[in-house]
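Trainee: Before anything else, here's the structure in question.
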Amino acid sequence: MLIGVPLETAAGETRVAVTPETAKKLKAQGHVVRIQSGAGTAAAAPDEAYTAVGAEITDAAGALGADLVLKVRSPGAAELAQMKPGAALVGMLNPFDRDGLTALANAKLTAFALEAAPRTTRAQSMDVLSSQANIAGYKAVMIAADKYQRLFPMLMTAAGTIKAARIVILGVGVAGLQAIATAKRLGAVIEASDVRPSVKEQVESLGAKFIDVPYETAEEKEAAEGVGGYARPMPQSWLDRQKVEVAKRVAAADIVITTALIPGRAAPVLVTEEMVRSMKPGSVIVDLAAPAGGNCPLTEAGKTVIKHGVTLVGETNLPALVAADSSSLYARNVLDFLKLVLEKEAAALKIDLEDDIVKACLMCRDGQLLRA
């Protein structure tokens, strides 16, 4: 099959969907791989690295005109115009963007959104949300360390003692757990909060203290368990009690990292303006939910601002700031997904709708939108 890998055109996007490592494996399976010139440059993968493994270097039209197009972000209108009807597309296509998916269906594409893969053991190797969130959690701590004008670890010197930084992490999914692990390695004192009781043991195993808010009703406990690996909206009664506990910790914190996202919904507000006002001058908030409106209403997407003496970081694509490793992990996710729909040296896709992963990721086919 002819596989095309175009240069990402979304603002600030530096990742690439195929690395020289995965291009070599696709070539070994008998496929023709065409990479748009410069597609991997920002991810430390120059054209020469691709040609060395047998990939062909082409222009945008050559990559987008392939039978199977592999991308990081959903194609824009100009890119869709260069894709041929009946072609297949694999990437992070945002399953909740109905307009975007409709455009893909209208272009007569067979499109797979990798974010829609079920969070099961079998799908772990192709879980793009986890692979990219892992990097985002790490980078969030690095950014916080850069913006914070003090040190993370406690230091005892001849000139006096420097206290360890106090960090509060709100939302303990993949990104939150990586943030805890990274901050711990840097010597910070960490507290973390999440609506799911099951993460308490994970938090404590990484050396952080869990901010415990007891459940008072069966409804609260059921909501806290989540569904399919995702958090669910909590009852207001529990949220009110959590807010009180979190507010106390935020006021004493030097750094707050928020990671709470609910698929298809605006990000929940975890840090109010009043909480920001209570923080010490020079404190830092890194809001990983900035693309979905932010966990703090003062966050400005794509910007770093100072409000009430607190630095708020609203970066919307943290994995793109670590493009080489982000691309490496993402490309392996893509390669593992392709094993479900590509046969060795086959000229056409094998779409098995009995496969729960393939069915979940398939957004449109033959001009028909398959997601409401």
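Trainee: Cα gyration tensor of the chain, axes a ≥ b ≥ c as square roots of the eigenvalues: rounded (a/c below 1.5), prolate (a/b > b/c) or oblate?
Mentor: Here the chain falls in the prolate category.
Trainee: About the Cα centre of the chain, how large is the charge dipole given +1 on each Lys and Arg Cβ and -1 on each Asp and Glu Cβ? Please answer in debye to the nearest 20.
Mentor: Working: 40 positive and 41 negative charges, 130 e Å.
So the magnitude is around 620 debye.
Trainee: So what is the calculated 222 nm ellipticity per residue for the chain, using -39500 (n - 2.57) for each DSSP H run with n of 4 or more, over all residues, to the nearest 500 deg cm²/dmol? Can you show the working numbers first?
Mentor: Numbers: 13 runs with 126 residues, N = 372.
Helix-only estimate at 222 nm: -10000 deg cm²/dmol.
Trainee: Using alpha-carbon positions, what is the distance between the centroids of the range 115-155 and the range 1-74, in Å?
Mentor: Cα centroid to Cα centroid, the span is 25 Å.
Trainee: Under 5 Å between amide H atoms, partner at least 5 residues away or on a different chain: which partners does Lys209 have, H built in plane at 1.01 Å?
Mentor: Long-range HN contacts for Lys209: Ile190, Glu191, Ala192.
Trainee: List the aspartates and glutamates whose Cα sits under 18 Å from the Cα of Lys27, skipping any in the same chain fewer than 8 residues away.
Mentor: The reachable aspartates and glutamates, counting only those whose Cα sits under 18 Å from Lys27, are Asp47, Glu48, Glu56, Asp67, Asp336, Glu343, Glu345.
Trainee: Considering only the range 134-321, what is the antiparallel percent among its DSSP beta bridges, to the nearest 5?
Mentor: The antiparallel fraction comes to roughly 30 percent.
Trainee: Also, I was wondering about something else. With a 10 Å Cβ neighbour count serving as the proxy for reagent exposure, in which order, fewest first, do Met363, Met154, Met279 appear?
Mentor: Met154, Met279, Met363
Trainee: Under 16 Å between alpha carbons, and skipping anything fewer than 8 positions from Lys359 in its own chain: which lysines qualify?
Mentor: The reachable lysines, counting only those whose Cα sits under 16 Å from Lys359, are Lys339, Lys350.
Trainee: Okay, moving on. Place the peptides 264-275, 246-257, 212-223 in order of packing, highest mean first, counting for every residue the other Cβ atoms within 10 Å and averaging per peptide.
Mentor: 246-257, 264-275, 212-223
Trainee: Rank by packing, highest mean first: peptides 238-245, 174-181, with packing defined as the count of other Cβ atoms within 10 Å averaged across residues.
Mentor: The peptides rank, most packed first, as 174-181, 238-245.
Trainee: Still on this structure, I have one more. Assign unit charges at the C-beta atoms only (+1 for Lys and Arg, -1 for Asp and Glu), then state the dipole size of the range 1-67 relative to its Cα centre in Debye, rounded to the nearest 20.
Mentor: So the dipole magnitude of the range 1-67 works out to roughly 220 debye.
Trainee: Sticking with this structure for a sec: Rounded if a/c is under 1.5, else prolate if a/b beats b/c, else oblate: with a ≥ b ≥ c from the C-alpha gyration tensor eigenvalues square-rooted, which is the range 172-217?
Mentor: prolate
Trainee: Additional query: Sorting check: for 56-67, 348-359, 283-294, which peptide has the highest mean count of neighbouring beta carbons within 10 Å, and how do the rest follow?
Mentor: 283-294, 56-67, 348-359
Trainee: Of His308, His31, how do they rank once you tally other Cβ atoms within 10 Å and put the fewest first?
Mentor: His308, His31
Trainee: How big is the gap, in Å, between the Cα center of the range 334-372 and the Cα center of the range 166-191?
Mentor: About 37 Å separates the Cα centre of the range 334-372 from the one of the range 166-191.
Every number here is computed from the coordinates shown, using simple stated rules; none is lab data. For clarity, every value in this text was computed on a predicted model and none was experimentally measured. Backbone-built Cβ (ideal geometry, glycine too); neighbour counts: all protein chains shown.
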